[in-house]
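Q: My structure is below; once you've seen it, I'll send some questions.
The values are calculated or read from the model by the stated rules, or taken from the named source; none is laboratory data. These numbers come from a predicted model, not from an experiment. Ideal geometry is used to build each Cβ from the backbone, glycine not excepted, and the neighbour counts take in all protein chains shown. Note: accessible area is taken over every heavy atom of the protein model, side chains too, but ligands, DNA and RNA are not part of it. Shrake-Rupley method; radii C 1.70, N 1.55, O 1.52, S 1.80 Å.
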Amino acid sequence: MSDKKASNQMWGGRFASGPAAIMEAINASIGYDRKLYAQDIRGSLAHSEMLAKTGIISADDSKKIADGLGTILKEIEDGKFAFSTKLEDIHMNIEARLAELIGPAAGRLHTARSRNDQVAVDFRLWVKDEFHRVAEALKGLIAAFVERAEEHAGTVMPGFTHLQTAQPVTFGHHCLAYAEMFARDLSRVRDAIERMDESPLGAAALAGTGFPIDRHMTAKALGFREPTRNSLDSVSDRDYALEFLSIAAIAGTHLSRLAEEIVIWSTPQFGFVRLSDSFSTGSSIMPQKKNPDAAELVRAKTGRLNGHLIGLLTVMKGLPLTYSKDMQEDKEAVFDAAETLDLMLAAMTGMVRDLTVNAAAMRQAAGSGFSTATDLADWLVRELGIPFREAHHVTGRAVALAEEKKVGLEKLTLDDLKSIHDGITADIFSVLSVQNSVKSRQSFGGTAPAEVRRQVRYWKKRLAKA
């Protein structure tokens, strides 16, 4: 079939001369929507089988269609399929090739179907498949954090607010904070799958069809919970694409925060962690450098995810019901976001598993900045019964004295502390070490090693059921 003939057949008599080159270029989507080939063939097979069962087409034509689609699937997977921009998109490319293979029977496949519901079901299937891949990747990343948390349940490090030393925590506790973040991402993925688990196939162009189709049959065949319930919404909905981009952007933000911490922690000034050579690069001029490029790229790629979300929101915001060609702009954003997120998750999982923790540097830093000052205030409230605001004031004076003497709080003498409040006893020193500080934080979800280990046990059980 010549390109001109294919174009004329597709556009019909009104456009007998075919679209101009510029129109062809702006209209064609085959350059990227070819990614939907497997989903398009799945949808066509389900549709053909349903048409035969309901008596709309013959069983013989349905078998020819199935055989032809099987041949096309193999051609595409073997790299032998000739895609044509003249045929606009993946749907018309496959249909044209099917006609070459099986003749007139191919023309019966599009009975009771439109490209509007066809692309809607293809894209839903693709996004649903990608959501499942993202879910598995998130589970792997969470598992990596749980492993590191168990290993470092008792490794003391500084906890920060405003990137200033606040209170001592454990590295295991810090790791589990990211497990919580990525578990929320996983929950969002599963919620989104539940919401989008409806098949739009059979909505046709926008109003449904007069043919006696069985939409429940095609929905079941394609692995959907049920068919959609409104034909107008079925072909105009792209919420599932927006949700994918939204979830990707939120997960990307979590990945970027983690990447930023790894960048900071791996500097000589912090020295908390060392990245493996697999996730670092050197400098072309400075031989001593070991750059956390993988983490920096994860941090940067979050901008792409955010941009794709804003882009598609902007495309969709002014569209009247139902389908408009603007919606063709949905796929490139989602395809790129999916590839980007997959890479980010894989890179970060590798970094978390491979990084070497410098426990000595963490422990030393944990005691800086008078990080046990809150423990001192709590002791004054608990042991002396004074109001917390007064204890806060007393502790502030103790910090000022320690600063003046250029020592840590634990290095002040009992006489020094009694000069600030005469009720203080030698028992105060039991709370001024970082080890005792973290050990005391045994509230549910706290940083105490015993509580971290309890949460690790919880996460192991949760992951086993995930």
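Q: Please pick out the residue among Ala177, Ala149 that is aliphatic (A, V, I, L, M), surrounded by fewer than 20 Cβ atoms within 10 Å (Cβ to Cβ) and closer than 25 Å to Ala464 by Cα.
A: Details: Ala149 fails: surrounded by fewer than 20 Cβ atoms within 10 Å (Cβ to Cβ).
The unique qualifying residue is Ala177.
Q: Could you please find all residues in the range 408-449 being hydrophobic (A, V, I, L, M, F, W, C), within 19 Å of Glu180 (Cβ to Cβ) and loosely packed, with under 13 Cβ neighbours inside 10 Å?
A: Taking the range 408-449 and keeping what is hydrophobic (A, V, I, L, M, F, W, C), we get 409, 412, 414, 417, 420, 424, 426, 428-429, 431-432, 434, 438, 444, 448.
Now restrict to residues that are within 19 Å of Glu180 (Cβ to Cβ): 438, 444, 448.
Residue satisfying the conditions is Phe444 alone.
Q: Name, by its number, the condition in (1) crowded, with 20+ Cβ neighbours inside 10 Å; (2) closer than 30 Å to Ala120 by Cβ; (3) free of Cβ contacts under 8 Å to residues at least 24 places away in the same chain that does not hold for Trp265.
A: With respect to (1) crowded, with 20+ Cβ neighbours inside 10 Å; (2) closer than 30 Å to Ala120 by Cβ; (3) free of Cβ contacts under 8 Å to residues at least 24 places away in the same chain, Trp265 is out only on (2).
Q: Sticking with this structure for a sec: Applying the selection to the range 83-101, what residues are among the aliphatic types (A, V, I, L, M), surrounded by 21 or more Cβ atoms within 10 Å (Cβ to Cβ) and without any contact (Cβ under 8 Å) to a residue 40 or more places away in the chain?
A: Correct list: Leu98 only.
Q: Something else now. Looking at the range 205-220, I want the residues that are under 15 Å from Ser44 (Cα atoms) and have a partner that is open to solvent by 50 Å² or more (accessible area, probe 1.4 Å) and part of a helix (DSSP H, G or I) with Cβ atoms under 9 Å, at least 6 apart or on another chain. Which pairs are those?
A: Listed by first residue and then by second, the contacts come to Asp214/Lys53; Met217/Glu49; Met217/Lys53; Thr218/Glu49.
Q: Related question: Which of the residues belonging to the range 346-403 are without any contact (Cβ under 8 Å) to a residue 60 or more places away in the chain and open to solvent by 70 Å² or more (accessible area, probe 1.4 Å)?
A: Once the filter is applied, which keeps residues that are without any contact (Cβ under 8 Å) to a residue 60 or more places away in the chain and open to solvent by 70 Å² or more (accessible area, probe 1.4 Å), the range 346-403 yields Gln364, Arg382, Glu383, Pro387, Phe388, Arg389, Glu390, His392, His393, Arg397, Glu403.
Q: Conditions: (1) within 17 Å of Gly445 (Cβ to Cβ); (2) not in a helix (DSSP H, G or I). His174 meets all but one. Number of the miss?
A: (2)
Q: While we're here: Which one of these does Pro104 not meet: (1) of a type outside the set (D, E, K, R); (2) touching a Leu at 6+ places or on another chain (Cβ under 8 Å); (3) open to solvent by 30 Å² or more (accessible area, probe 1.4 Å)?
A: Answer for Pro104: the failing condition is (2).
Q: Continuing with this model, one more query. Considering (1) crowded, with 23+ Cβ neighbours inside 10 Å; (2) at pLDDT below 95, say which one Arg124 fails and leave the rest.
A: (2)
Q: Look at Val189 and say whether it is modelled with pLDDT of 95 or more and in contact with a strand residue (DSSP E or B) (Cβ under 6 Å, 6 or more places away or on another chain).
A: The answer is no for Val189.
Q: When you go through (1) buried (at least 22 other Cβ atoms within 10 Å of the Cβ); (2) part of a helix (DSSP H, G or I) one by one for Ile213, which number turns out not to apply?
A: Result: Ile213 fails condition (2) only.
Q: Among the residues of the range 13-69, write down those that are aliphatic (A, V, I, L, M), modelled with pLDDT under 95, in a helix (DSSP H, G or I) and surrounded by fewer than 17 Cβ atoms within 10 Å (Cβ to Cβ). Spell out the reasoning first.
A: Filtering the range 13-69 for residues aliphatic (A, V, I, L, M) gives 16, 20-23, 25-26, 28, 30, 36, 38, 41, 45-46, 50-52, 56-57, 59, 65-66, 69.
Applying the additional criterion that residues be modelled with pLDDT under 95 yields 16, 20-23, 25-26, 28, 30.
Still in the running and in a helix (DSSP H, G or I): 21-23, 25-26, 30.
Residues satisfying the conditions are Ala21, Ile22, Met23, Ala25, Ile26.
Q: Any residue in the range 450-466 that is at pLDDT below 90 and either open to solvent by less than 70 Å² (accessible area, probe 1.4 Å) or among the basic types (Lys, Arg) (or both)?
A: Filtering the range 450-466 for residues at pLDDT below 90 gives 466.
Keeping just the survivors that are either open to solvent by less than 70 Å² (accessible area, probe 1.4 Å) or among the basic types (Lys, Arg) (or both) gives 466.
Within the range 450-466 (the criterion being at pLDDT below 90 and either open to solvent by less than 70 Å² (accessible area, probe 1.4 Å) or among the basic types (Lys, Arg) (or both)), the answer is yes, since at least one residue qualifies.
Q: Can you pull out every residue in the range 232-260 that is surrounded by 18 or more Cβ atoms within 10 Å (Cβ to Cβ), more than 17 Å from Lys331 (Cβ to Cβ) and without any contact (Cβ under 8 Å) to a residue 60 or more places away in the chain?
A: Passing the criteria: only Ser256.
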